[in-house]
Amino acid sequence: MIGAGAVFALLVGPPAIDVANGLARAGSSCVALDIIDGDTLRVFCPEAGVRSARIKSYDAPERFSYKCLSEFAAGWLATQKLRSLLWTSGEIIITPDGSDRYGRLLIYLRAGGEGVARSMIKSGHGRAYTGGQRAGWCA
């Protein structure tokens, strides 16, 4: 049986480490604060404040508005892959590039010198996306 402390650590631990990691590795004026899902972060940028930010150039499965159980599972894995990339990389560079229709900041994200979109696509946790209708993740 998992104790209350273990559950608390599982829920609070990763977001707290996300913030510490983002502050420690920030290579631009924007700082990654929290990983929301496989293609969305919460960031702080001096000119924009704290905002939800969508990483450009790829799409990842949904964790919160999933259409089937396999998409939820794939979304959870994509979130963990993105977290791993950011936790184990060197410098994290966030380049803002406008906003989307939902008010999210659009960003390009580089971790350890490589574009995160390329890494997520290469690992199978995302697919190229340049706008328009997105394909579903359910078989």
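Straight-line cross-link partners of Lys122 among the aspartates and glutamates, defined as a Cα under 15 Å from its Cα and at least 8 positions apart when in the same chain: Asp39, Asp59, Glu114.
Over the range 60-139, accessible surface divided per residue gives 60 Å², non-protein components excluded, 1.4 Å probe.
Mean separation of Cα pairs under 8 Å and 6+ residues apart, divided by the residue count of the range 20-139: what relative contact order is that in percent?
Working: 241 pairs, mean separation 33.1, N = 120.
Dividing the mean separation by the residue count of the range 20-139 yields 28 percent.
In the context of the full protein assembly, Glu91 retains an accessible surface of approximately 100 Å², using a probe radius of 1.4 Å and ignoring ligands and nucleic acids.
The values are calculated or read from the model by the stated rules, or taken from the named source; none is laboratory data. Quick caveat, the model's predicted, so the values are computed rather than measured. These area figures cover heavy atoms from the full protein model, side chains too; ligands, DNA and RNA do not enter into them. Shrake-Rupley method; radii C 1.70, N 1.55, O 1.52, S 1.80 Å.
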